[in-house]
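A quick write-up on the structure given underneath.
Read the figures in this text as sums done on the coordinates, not as results from a lab. Fair warning: this is a prediction, and the values are worked out from it, not measured in the lab. Cβ: placed from backbone, ideal geometry, glycine included. Neighbour counts: every protein chain shown.
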Amino acid sequence: MGKNRAIAWAVVVAAGEGVRFRRGPFAGGPRKPFAPLAGRPILLRTLEAVAACPDIERVVVVVAADDVPAAESLLAFDRERLRIASVVPGGARRQDSVAAGLARVPEDVEIVAVHDGARPLVNPELFTKSIEDAARCGAAVVAVPVVETLKRIDTPKGTGERADALLVETVDRSRLWAAQTPQTFRASDLRRLLAEAQREGVHVTDDASLFERAGLTVEPVPGERRNLKITAPEDLEMAEALIRAASRGDVRVGTGNDIHRLVPAAETGRKLVICGVEIESDLGAEGHSDADAACHAVIDALLGACALGDIGRLFPDTDPAFKDADSIKLLEDATAKVRDAGFEPQSVDVTVLLEKPKLAPRVDEMRRNLARATGLAQAAVSVKAKTSEGLGPVGEGKAVEAHAVAVVSAP
Ligand code: MG
């Protein structure tokens, strides 16, 4: 942060009802902030875009009261990375939610950028620009010129029913802009104006209107049409297409490794499973699932290539569902996550370290299992087996270890 920069926080509001969103294909599905957009929840993508702006020091997330636990668990692993200060319940109206978020912003913060949780495609530079403008003028609103021809349509009795619509006139759009977010303000002014609106019972649809009402300057910041707000399910399709288009041809590499302790099979009933192949041995691998270290390394490599976290996050070993789980099945699930995120596995290479027995005779079976689970051709899957020459825990026959590399690309 430059030395002349004002201290700026963001308040991300995602507390709306999402009424338009929940019609059609999303009826009964996840609530809007948690609906997947190219494999990642909309809210998470938005917070990643906010965190990509180095000028935002911390972020307060406002969600519907019912969604607080879900948001907390969504962000559990990412609070530091996304610089989350707190997750708070919002109110009935947008301004109530903004006020709830603002209440968590410390008094010494000079600038607050309010951003819609449903605008995941925001360019982080818009935050920088609006923070500069708000520091200078007091308030800045990102907006884009209206491109559609606008018609004012009046309906008898104001019912909004299309059959009764009377087209009255074309509106001159030359001076009309559509407001987006971020909307960025001097924090002290926003606090005061929100409190005033509250006292006077004034309802506004966006925060900049509070400044306009008070006769204060609001600086327009030219926005981008791709900074769309996901309101209806079709917006999700558009956002997804934009994300996919931006990542087309993107090639990523991930690495993974894993180690499991070996224990006497007879006493423990543990088996030695490697890439889904049960190996005949008087030692078994200890673990919550089937303890298939090679599969686990491949899963981490695939997830890592897509920056989707790791196996412990996807399949927690505190979850009884994964007790004795078939790791080939977990690999199938991880592959589905990779595809949801817009990537296709291209190749996998895994090295298994085991002192004995020799794995070479079973390597082709292992490759077949990995290929089947990942949807790869067997030629794109490599399994190599080595010993540790008597050295370390593997060499002493106390462990089985695996290292993997995976390549994925966006089609
Ligand atoms: Mg493991």
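Among the GluC sites (Glu not before Pro) found in the stretch 15-107, those both in a DSSP coil and sparsely packed, with 13 or fewer other Cβ atoms within 10 Å of their Cβ, are E17, E80, E107. So which trypsin sites (Lys or Arg not before Pro) in the stretch 230-297 pass both tests, a DSSP loop state and at most 15 other Cβ atoms within 10 Å of the Cβ? Those that pass, being in a loop and sparsely packed, are R248.
Relative to the dominant Cα principal axis of the chain, helix 124-137 is inclined by about 30°.
The slack between R136 and R93, meaning 0.36 nm per residue of separation minus the straight C-alpha distance, is 12.6 nm. Evaluated with a Cβ-only charge set (Lys, Arg +1; Asp, Glu -1), the stretch 80-223 carries a dipole of roughly 180 debye about its Cα centre, given to the nearest 20. Taking 26 Å as the straight-line reach from the Cα of K384, the lysines in range (excluding those fewer than 8 positions away in the same chain) are K271, K329, K337, K356, K358, K398.
Along the axis of the charge dipole computed for the chain (Cβ charges of +1 for Lys and Arg, -1 for Asp and Glu, origin at the Cα centre), the listed residues C53, A139, A334 are led at the positive end by A139.
Taking a straight Cα-Cα cut-off under 18 Å and skipping sequence neighbours fewer than 8 places away in the same chain, the aspartates and glutamates within cross-link reach of K32 are E17, E48, D66, D67, E72, D116, E234, D235, E237, E240, D340.
Given the rule -39500 (n - 2.57) for each run of at least 4 DSSP H residues, summed and divided by the residues of the chain, what is its mean residue ellipticity at 222 nm, to the nearest 500 deg cm²/dmol?
-9000 deg cm²/dmol
Given +1 at the Cβ of Lys and Arg, -1 at the Cβ of Asp and Glu and no other charges, the dipole of the chain around its Cα centre is 800 debye to the nearest 20. Around the amide H of L272, modelled in the peptide plane, lie the amide H atoms of I279, A285, all under 5 Å away and 5 or more residues distant in sequence or on another chain.
Give the lysines whose C-alpha is closer than 25 Å to that of K129, dropping any in the same chain fewer than 8 places away, or say none. Within reach: K3, K229. Site pair T231 and A76 shows an inter-label distance of 3.5 nm when each label is modelled 7 Å from Cα along Cα→Cβ.
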